[in-house]
Amino acid sequence: MPGSDSWGPPPSRAAQSWEPAIDAAPPVLASDHDEPEPPPIVETTAPFRRPAYSGPLVLTEEQETAAAPRTERPPRTLDQLLAEDGLLTPEAAARLGLAVLDRLAAVHGVGGHHGDLRPESILVGGDDQVRLADPSPAPGLSPYTAPEGGIGPAADLWSLGATLFTAVEGRPPAPGAPLTKAGVLAPVLFRLLSGVPAQRLTADALRLDLRTIAGEPSRP
């Protein structure tokens, strides 16, 4: 059973009725106006290619001759993509999470951290390649900053959870915010948004869960 420092009830409850615990909520700015209606959920076909598994496309001479010229769309931040294309399904959000996790692994592997992971810092190119922008934290509180602050790999994973929450729900996590659209992704978000870093999913466990949700085969 999670303690009072977790973000919701035990995973045995239905995802549609989960609500993050108020006493474990990160600091967020109060809003004195009604939030706009979130954009509709749409089924996206974007594979969100990950750098660890994507390389240059090599065409034969015949294929190059037959290939029609195309203009690639410039990269969009995740918040732009959500505003223009609609919310992600849980499966698409899992694919996005895997792509971001690969980028974070490169940073964490050398002892670093990102510290500013949020929809505005995730870039999705016209080729569906996911990249992270350089950190540029704005002054003041952010709903994407872990309760303990933005320093360390565990804080980056909390921020990833908050970002995926926004991708499926249309708003960042906040006290009393229910998970109504997360579906099979809800248990993952529940564990990522724990107020205690040691109780969050590790990167390896998160990768396995996201692969299952995305329908990808497990790799050794």
- Query: Can you name the residue in segment 121-142 that is under 17 Å from the mean Cα position of the chain (by Cα) and of a type in the set (D, E, K, R) and is also modelled with the highest pLDDT among such residues?
  - Reply: Arg131
- Query: Taking Gly176, is it more than 15 Å from the chain's Cα centre (by Cα), farther than 28 Å from Val110 by Cα and open to solvent by 40 Å² or more (accessible area, probe 1.4 Å)?
  - Reply: no
- segment 188-220, residues that are open to solvent by less than 50 Å² (accessible area, probe 1.4 Å) and not in a loop (DSSP other than H, G, I, E, B): Val188, Leu189, Phe190, Leu192, Ala203, Ala205, Leu206, Arg207, Leu210, Arg211, Ile213, Ala214
- Message: I'd like to know if segment 84-92 contains one or more residues that are among the polar types (S, T, N, Q) and at pLDDT below 95.
- Response: no
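The values are calculated or read from the model by the stated rules, or taken from the named source; none is laboratory data. Because the structure is a prediction, the values reported are computed rather than measured. For the accessible areas, the whole protein counts, side chains as well, though only heavy atoms, and no ligand, DNA or RNA atoms are used. Shrake-Rupley method; radii C 1.70, N 1.55, O 1.52, S 1.80 Å.
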